[in-house]
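J.: Dropping a structure here in structure tokens format, bear with me for questions.
Values quoted throughout were computed directly from the atomic coordinates according to the rules given, and no laboratory measurement underlies them. Keep in mind the model is a prediction, meaning the values are calculated, not measured. Note: ideal-geometry Cβ built from the backbone for every residue, glycine included; neighbour counts use all protein chains shown.
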Amino acid sequence: PALAVVWAALAVIGGLALARLPWLTSLAVIAGVVVVAAAVWEPAIGLGLALAVGLTRAYLAAARPGTPDLGQIFLALALAGWAARSLATRQIIIPCSGLLLALGLYLAASLLSLVPTPTASLELGLLELIKWAEVAAILVLVVSESQRGRGAWVVAAVLLAGLAQGLIGMWQYQFRGLGPANFL
């Protein structure tokens with residue numbers, strides 16, 4: 001009962017705050033909260049959103065240079081949702097696959113390359129290491145979600161992300177003429 005009172009109070013405060021905002025801003029905030037909640041509640045949705053918006057990073061960086069990488073944010077939300085669900089159900093599914101073993105060995109070897117040398121860049125090395133750790137985490141997430149019966153959702157998300165990227169490419173070629181500067 002005490003938790004219900006806290007949630008009700010937060011809902012009232014949030015509603016009052018939204019009522020003071022312009023209606024388009026309120027609608028955007030509500031949509032954002034729903035999308036974030038969906039990404040955490042159902043990790044397959046979060047992974048799909050990460051795939052879909054991750055492909056637009058170059059366009060967002062060109063239009064608004066200070067914009068954070070939304071694909072990384074949705075991936076983090078999906079992984080957080082997966083971890084929370086796994087801990088709550090006490091069923092942490094980590095696949096026993098050769099690919100995951102190979103990625104683990106690669107990550108271990110990559111750690112050795114972070115030893116400072118005069119020509120090495122620690123920042124670039126860490127970024128590369130994080131990228132490959134994300135690949136391993138995505139592999140675990142996809143297998144886990146597939147075993148929960150969400151494999152079709154993941155495949156649909158990949159296909160829709162590819163379709164979206166194709167449509168962006170067609171728009172870019174037909175109407176815009178060129179892409180972001182780093183595409184030249």
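J.: What is the calculated FRET efficiency for I30 to A58, with r their C-beta to C-beta distance and R₀ = 30 Å, to the nearest 0.05?
T.: 0.55
J.: Based on the Cα atoms of segment 41-121, what semi-axes does the equivalent ellipsoid have, where each is the square root of 5 times one gyration tensor eigenvalue, given in whole Å with the largest first?
T.: Ellipsoid semi-axes (Å, largest first): 26, 26, 11.
J.: Placing unit charges on C-beta atoms (Lys and Arg positive, Asp and Glu negative, everything else neutral), compute the dipole magnitude of segment 2-136 about its Cα centre in debye, rounded to 20.
T.: Here segment 2-136 has a charge dipole of around 280 debye.
J.: Let me ask something else. Quick one, what does Rg over Rh come out to for the chain if you take C-alpha atoms and the Kirkwood Rh?
T.: A ratio of 1.04.
J.: I would also like to ask the following. Roughly speaking, what is the stretch gain from L99 to L21, that is 0.36 nm per residue apart minus the C-alpha to C-alpha distance, in nm to one decimal?
T.: Length gained, L99 through L21: 23.1 nm.
J.: Expressed in nm to one decimal, what extension gain is obtained for the pair V135 and Q147 from 0.36 nm per residue of sequence separation less their Cα-Cα distance?
T.: So the extension gain works out to 2.5 nm.
J.: Then there is this: So, R0 is 41 Å and r is the distance between the beta-carbons of D69 and R90; what FRET efficiency does that work out to, to 0.05?
T.: 0.80
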